[in-house]
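These notes are about the structure you will find just below.
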Amino acid sequence: VALRGSINDAAGAAPVDVFLDTDGPALLETFPDGFDRKFREVLQADSLRQALSSDIAVHRDRLSIDELATRIQAGDLALLLIDTQLMYGYAVPYWVLAHSVERGLVIIDDPTDSHTWGETWVDAHEIPMSLESLDRMVAWGDDGYRGVTFIRHP
Amino acid sequence: MTPPSPLATSFDHVDDILAAALGPELTALWRMPSGPQLRTIWVGYSGADLAAAVLTTRRPATAATKVARTWRATDIVGSDAVLDHLVDTVINDARDRGDIAVKWQSFDDDLPPQHRGFITMRTPYRSAAGTYGVRGYVLWLNPATHAEPPYYAQPARSRAAPSRRFSRAKSAGHAGSVSTALTGTANSNFGDRRVIFPHVNPSASLWR
């Protein structure tokens, strides 16, 4: 949420809203109980408090992929929390940017090009993806929670 | 000029005939591991001679095909036409599969695509290794309507504080770059990424 706050500070008149349909801490699956995990849980709870007291809208319902596409079509940008399994062949949580819609497919940019696979920026840029694939990809964890941050078009 | 013969075949590895035509240096590049990417090699003949070849790759679950490498025999008359024929075949195959885009990358001394409809993509921000020395083109199989943002990768070796990274992206003055720059900070608390992302070139790793 600190990140989201940073976006909000920058976007100014085009503020941010967040969809995250899990009540617990996010992205801490690899941290066993202990200081490292507790520390991050405290930070996340604090970030949530800050968000709730700001003009960042925090939605705890699950965003549908149709709604995602509709908002991108309308000009919003979206940071998507993805599971890389579909595109990389193994599961890691990651963020990509969804920025456009073409012929009903969402166009994303992935900030990683996999150099040792012979990829270049050409692979990671302007990636069209069907709504069905996005629906599977934009979910993380055993429960498949979905995290999306919109930067609203002014 | 010899008319282009029908597509001979497509397969997923560089066979000895193609390797002999490419030479060792190019063969090594064409045989480079492609991880989970799906790859196809398309070859075309002029008479009995191998005249042109195309390597295409695609990320799973996406609706784009990339022309990763092309080759034509410069000593065979008509090899350009054979290459064109192969590219047509690639484009038709992509369309049949439901792709909406065919991309094309060319390295320093490669030809850009000669086919109508390919447009030059915006020069990426020089960030990760894959943003250097490669030009990118895209053919939208139906005319595209969206404005292309510039590409920005997570920079190598960057552990910049969010505020620093952010102010740099902000100065670029583009919403796309702001957002993609910020995705880097979002990922910064998930353990050892040299393990998590083994496919990223260790010598130009994001995570060192």
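Compute the length gained on full extension between B:Ala28 and B:His115: take 0.36 nm times their separation in residues and subtract their Cα-Cα distance, giving the result in nm to one decimal.
Numbers: separation 87, 0.36 × 87 = 31.32 nm, distance 2.69 nm.
Extending this stretch completely gives an extra 28.6 nm.
Nearest 100 Å² is fine: how much accessible area is buried between B and A, summed over both sides, with a 1.4 Å probe?
Numbers: alone 12380 and 8740 Å², together 16040 Å².
Roughly 5100 Å².
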| task | Taking only the C-alpha atoms, wrap a convex hull around chain A and report its volume per residue in Å³ as a whole number. | result | 124
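List the chymotrypsin sites (Phe, Trp or Tyr not before Pro) within segment A:82-138 that fall in a DSSP loop (any state other than H, G, I, E or B) and whose Cβ has at most 14 other Cβ atoms within 10 Å.
On the way: sites: A:Tyr88, A:Tyr90, A:Tyr94, A:Trp95, A:Trp117, A:Trp121; in loops: A:Tyr90.
Listed in order of number, the matching sites are A:Tyr90.
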| note | Using alpha-carbon coordinates alone, the radius of gyration and Dmax of segment B:60-124 in Å work out to 12.8, 39
| message | What number comes out for accessible area per residue over segment A:81-154 if the probe is 1.4 Å? Units Å², please. | response | 28
| remark: Connecting every pair of Cα atoms under 10 Å apart in chain A and solving the GNM, the largest mean-square fluctuation among A:Leu63, A:Leu79, A:Leu28 falls on A:Leu28
| request: Give me the percent of the accessible area of segment A:21-104 that comes from carbon and sulfur atoms, probe 1.4 Å, all protein chains in place. | output: 53
| said: Cut-off 10 angstrom, C-alpha nodes, Gaussian network model of chain A. Which of A:Thr112, A:Thr30, A:Thr22 fluctuates the most? | reply: A:Thr30
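The values are calculated or read from the model by the stated rules, or taken from the named source; none is laboratory data. These numbers were taken from a predicted model, which means no experiment stands behind them. With ideal geometry, Cβ positions are generated from the backbone for all residues, glycine too; neighbour counts draw on all protein chains shown. Ligands, DNA and RNA are excluded from the accessible area calculation, which covers all protein heavy atoms including side chains. Shrake-Rupley method; radii C 1.70, N 1.55, O 1.52, S 1.80 Å.
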